[in-house]
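Only one structure is covered here, and it is reproduced in the block below.
Where a number appears in this text, it was derived from the coordinates with a stated rule and is not lab data. Since this is a predicted model, take the numbers as computed values, not measurements. Backbone-built Cβ (ideal geometry, glycine too); neighbour counts: all protein chains shown.
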Amino acid sequence: MKEKTTLLDQAGYNELIKNIEATKQELNRIRLERNEALQNSDRQGWGSTDLQDITRKEEILLSALRRKMEILDNFEIIEKHNKDGIVDIGDTICTELIYQGEEHESLTFKLVASEARFDSEIKEISINSPLGNSVFGKYIGEETSYSVNGMNVLVLIKEKLEIENEQVFTKSLSIRKTIE
């Protein structure tokens, strides 16, 4: 089975390369630390717990590096549409998520073509996630849906926001579809 192609913009690709290099450097540092610990274990009282912790860190880094390298095996660089009424990379949008059973929530997020950062002021959603993929390229006012773990979620794309100097402005866009 062919793996899904990961979509990245140029900035997302550059960030991935930078993250891979940083992970490799950290892995090298951990390996040096492990080798030093092995050489000095008798003299400085390094215990097996210390070596286990270092080995665990190394395994975590190797796993992260493998995942990032797999992305490089199957990715596509995409460009912005640059059309006002269409959800695009870098847009911040307001949505209404309607779950089975009529539960719903409002969600505002920035659509990114890179790994989503969790430390950003505005929530980021990757274009490669089910939600991100469902809204990318759709019109403001359009309904779309996605499935996660067998649950269907209806998404109403309500509006696109302009972010300037940390202030949020609603961008006036004609809604293509009547919202009921």
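Can you give me the angle between helix 48-73 and the longest principal axis of the chain, using Cα atoms only, in degrees from 0 to 90, rounded to the nearest 10?
Tilt of helix 48-73: around 40 degrees.
Collect residues whose amide H, placed 1.01 Å from N in the peptide plane, falls under 5 Å from the amide H of H81; neighbours closer than 5 in sequence don't count.
I89
Take the chain, mark every one of the trypsin sites (Lys or Arg not before Pro) that falls in a DSSP loop and has at most 10 other Cβ within 10 Å, then report the longest stretch left between them, sites excluded. Could the numbers behind the result be given before it?
Numbers: sites that count: K2, K4, K83.
Maximal segment without exposed cleavage sites: 84-180.
Calculate how steeply helix 10-44 sits against the longest principal axis of the alpha-carbon atoms of the chain, using the helix alpha-carbon long axis, and give the answer as 0 to 90 degrees to the nearest 10.
20
Please work out how much length the chain gains when fully extended from M151 to F75, using 0.36 nm per residue of separation minus the C-alpha to C-alpha distance, in nm with one decimal.
Additional length available on full extension: 24.6 nm.
For the residues T92, T108, T49, T5, what sequence is obtained by ranking on other C-beta atoms within 10 Å, fewest first?
Ranked by crowding around the Cβ, least crowded first: T49, T5, T108, T92.
Could you give the length gained by full extension between Q39 and T108, i.e. 0.36 nm per residue of separation minus their alpha carbon distance, to one decimal place? List each step's numbers first, then the result.
Values: separation 69, 0.36 × 69 = 24.84 nm, distance 5.27 nm.
So the extension gain works out to 19.6 nm.
Using a cut-off of 10 Å between beta-carbons, work out the net charge of the residues near F109 (Lys and Arg +1, Asp and Glu -1, F109 not included). Don't skip to the end; give the middle numbers.
Working: positive: K110, K123; negative: D91, E124.
Once all neighbours under 10 Å are counted, the net charge is 0.
At 7 Å along Cα-to-Cβ for each site, give me the label-to-label distance between I20 and E159 in nm.
Distance between label points: 4.1 nm.
If you split all Cα-Cα distances of the chain into 10 Å bins from zero, what percentages do you get per bin, shortest first?
Taking all Cα pairs of the chain, the binned fractions are 9, 27, 26, 18, 11, 7, 2, 0 percent.
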